[in-house]
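Worksheet for the structure shown next.
The values are calculated or read from the model by the stated rules, or taken from the named source; none is laboratory data. Just so it is clear, the model here is predicted, and its values are computed rather than measured. No Cβ is skipped: glycine too gets one built from the backbone with ideal geometry, and neighbour counts run over all protein chains shown. All accessible areas refer to the heavy atoms of the entire protein, side chains included, with ligands and DNA or RNA removed. Shrake-Rupley method; radii C 1.70, N 1.55, O 1.52, S 1.80 Å.
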Amino acid sequence: MQVRGLRAVRPQTISALSLMLDAIAITMNSPLDERYSRQILFAGIGEAGQRRLLTSRVAIVGCGALGTVLANHLVRAGVGKIRIIDRDFVEPSNLQRQTLFDESDARDSLPKAIAAERRLRAINSSIAIEGIVADIGPRNAEELLSAHDLILDGTDNFETRHLLNDAAVKLNIPWIYAAAVGSYGVTMTIRPGATACLACLLSPESQAAPQSEETCDTVGVIAPAAGVIASIEAADAIKFLVEEIEERDHTQSAETRLVSFDVWTGQHHSIKVARDPECRVCVHHEFRYLEGKAQPHVTMCGRDSVQSHERNRNLDLALTAQRLASVATNVRQNDFLLRFTVAPHEITVFADGRAIIKGTRDSAIARSLYARYLGA
């Protein structure tokens, strides 16, 4: 199901937001001097950098553990226009780590994008904040992401991240990848045409590529891990946005690094990621996720079931069963398949990645369940 946005994204909307941004004082005045005074004192930003922040446009995709921290930092920093895109609603299990929500949001099952917009407007009423309730996909990604200076990753699955990578490279918009699970997280800034992209990072030849299939729904996640990674991502975003436009445009070749941090062990690493000279995305401009060709093919499979034809995986069924034991019920596994229940859904997955999700006829729910419990 494509979650229908509470607000349609039309050219008139973008035009209205542009007018709102124009209304923001570009010349620093006393109230703004006071609000951002400590930030302006920082040599890396200064008054000129603050002006650039006030005229910047950022899209945050996903408003969970990462996205809420990102949005909070950037709204307080004075980024002029922030669009938050999320299809989900607030649940009690979110409150442990998703910092913009409270019990009333969960009780009312408010869409995350709307709950975040309301909270953020109360934090900083001088900037433009737009919550969009939407399931970002091949049909709407370019419309939702275009006309922004930077795209930030607050998602929880690699299917969407590959889509963001395709869209960012095609639109020539820098974006920052981030992920957190357990006590560990990673982030990497991507400048199309200048640095390695996500497809370069995840190519079989890359030594920096994350190998884990763990997800927050199988091994959990602690709030400090998401908070640290999102804070690094936010700092990199601010650093990029305060650059002069000419400085950004003349960055023809740059080094990017995959930064990782484990808040439980204290281990942290920074690994240089090289561009793949044969990258399908940033070299050959093959945008399979954006064109809908690489998204797992999902079809109806009998009554109240969806089959996901995601193949070419080599799942370790026994290891997957062990990971699921603490979060699912009726976990059963043999040499050919693994079956488990996450009420009200029953999921059967085969070693090649094909899965049958029983208990829904909604392909979006099926893809979400697949990503949450089996990875992407």
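A few comments on the model shown:
- Any hit, the range 299-312, residues being at pLDDT 80 or above and more than 30 Å from Glu142 (Cβ to Cβ): yes
- None of Pro138, Pro192, Pro210, Pro204 is touching a Leu at 6+ places or on another chain (Cβ under 6 Å) and either open to solvent by 10 Å² or more (accessible area, probe 1.4 Å) or modelled with pLDDT of 90 or more (or both) except Pro138.
- When residues of the range 141-183 are limited to those that are part of a strand (DSSP E or B) and β-branched (Val, Ile, Thr), the one farthest from Val263 (Cα to Cα): Ile151
- Filter result (open to solvent by less than 50 Å² (accessible area, probe 1.4 Å) and farther than 25 Å from Arg35 by Cα) within the range 101-112: Ser104, Asp105, Ala106, Leu110, Pro111, Lys112
- Test: Val186 is over 20 Å from Ala77 (Cβ atoms), in contact with a Pro (Cβ under 7 Å, 6 or more places away or on another chain) and outside any loop (DSSP other than H, G, I, E, B): yes
- Taken over the range 323-376, the criterion of being of a type in the set (Phe, Trp, Tyr) and within 20 Å of Val181 (Cα to Cα) is satisfied by Tyr370, Tyr373.
- Residue list for the range 101-116, restricted to those being more than 20 Å from the chain's Cα centre (by Cα) and in a helix (DSSP H, G or I): Glu103, Ser104, Asp105, Ala106, Arg107
- His162 being in contact with a Leu (Cβ under 7 Å, 6 or more places away or on another chain) and either open to solvent by 10 Å² or more (accessible area, probe 1.4 Å) or of a type in the set (Lys, Arg) (or both): yes
- The single residue among Gln98, Gln50 that is open to solvent by less than 80 Å² (accessible area, probe 1.4 Å), in a helix (DSSP H, G or I) and at pLDDT 90 or above turns out to be Gln50.
- Top-ranked residue of the range 68-95 - restricted to ones that are at pLDDT 95 or above and either part of a loop (DSSP other than H, G, I, E, B) or farther than 30 Å from Ile40 by Cα (or both), ranked as most open to solvent (accessible area, probe 1.4 Å): Leu95
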